[in-house]
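See structure below.
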Amino acid sequence: MREFSVLDGYPQPKARIVGKNIRTIKNKIIASYRDERYYDGDRNNGYGGYKYDGRWKDIVEKMSKEYRIDERSSLLQVGCEKGFLLHDFKEKFPGIKLSGYEMSEYAIAQAMPLIKGDIKLGEYEKLPYKDKEFDFVIAIGVVYTLTLRGAISCLKEIQRVGKGKSFITLGAYYNERGKRLFKDYWSVLGSTILHVDEWVEVLKEAKYTGDYSFTTAESLNLVEDIEISNNQG
């Protein structure tokens, strides 16, 4: 088990000012359906327009080198959404065995044509794959959208279907400021957002051995509006 991020090449967001524009329970209810409103609707309900722009290509290059992925590899992405990352893997390695697993019917319907047929619909707590079926398993922005029990089940499943190499992200915080900004003000799907030390205990409970990275207020560049006012004052 290693804290390590392979997403360093992903474009960093500009400062996101939160506080006055807190995402409300109404936004979270809408996001929970994971339909068009979440992916391609108002920004407060989710992505605000989830379009392919090639930004995952650099991540594919880094993952390929770090985890030794090539044409002969088998790869699973849990929560693949519209399949942007899988698409870029397929372009780089046309012969690779790819599988995507996604709970949003809308995302699958809108998936990239090159890999659309490789995506299955289902819930993340139980994966319909054999033990040790994949050389590499990816779950970005997935585990922490589940309940704590669901998160543990998902982690165990990722461990089961993989051969030991995996990369996941976890919604987390280091202090009360980070908790307020990310959990209370920003996240619309984050059901289990924990302190970084608590996540380590969860990973141990699930006997997870792959790589993990924390998604936090700092990594998302979230800033509270009152902090801006104080700095200006």
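Only the coordinates and a few stated rules stand behind these numbers; no lab work does. Remember, predicted model here, so these are calculated numbers, not experimental data. Counting neighbours? That spans all protein chains shown, and the Cβs are built from the backbone with ideal geometry, glycine included.
Restricting to Cα atoms and excluding each atom paired with itself, what does the Kirkwood estimate give for the chain in Å?
18.3 Å
If you take every residue apart from G46 with its C-beta less than 9 Å away from the C-beta of G46, what net charge results, scoring Lys and Arg +1 and Asp and Glu -1?
Numbers: positive: R34, R37, R43; negative: D40, D42.
Taking every other residue near G46 into account, the sum is +1.
Mind putting a number on the dipole of segment 152-197 about its Cα centre? Charges go on the C-beta only, +1 for Lys and Arg and -1 for Asp and Glu, and I need it in Debye to the nearest 20.
180 debye
Rounding to the nearest 20 debye, state how big the charge dipole of the chain is about its Cα centre with +1 on each Lys and Arg Cβ and -1 on each Asp and Glu Cβ.
240 debye
Excluding residues fewer than 8 places away in the same chain, name every one of the aspartates and glutamates whose C-alpha is closer than 17 Å to that of K132.
Straight-distance partners of K132: E157, D211.
Can you give me the C-alpha center-to-center distance between segment 93-121 and segment 157-219, rounded to a whole angstrom?
Centre-to-centre (Cα) distance: 24 Å.
Just name one of F167, S104, V196: the one whose Cα is farthest towards the positive end of the charge dipole of the chain (beta-carbon charges, Lys/Arg +1, Asp/Glu -1).
Highest projection toward the positive end goes to S104.
Among K62/K82; K163/K204; K62/K126, which pairs are too far apart, with a Cα-Cα distance over 23 Å?
K62/K126
Taking a cut-off of 21 Å between Cα atoms, list the lysines near K183, but don't count ones fewer than 8 places away on the same chain.
K14, K20, K26, K28
Hey, what did the chain get for relative contact order, percent, Cα under 8 Å, at least 6 apart? All intermediate terms of the calculation are to be shown ahead of the outcome.
Values: 430 pairs, mean separation 55.2, N = 233.
In percent, rounded to a whole number, it is 24.
Summing Lys, Arg as +1 and Asp, Glu as -1, what charge do residues with Cβ under 12 Å from the Cβ of L75 carry, L75 excluded?
Charge balance in the 12 Å sphere: +1.
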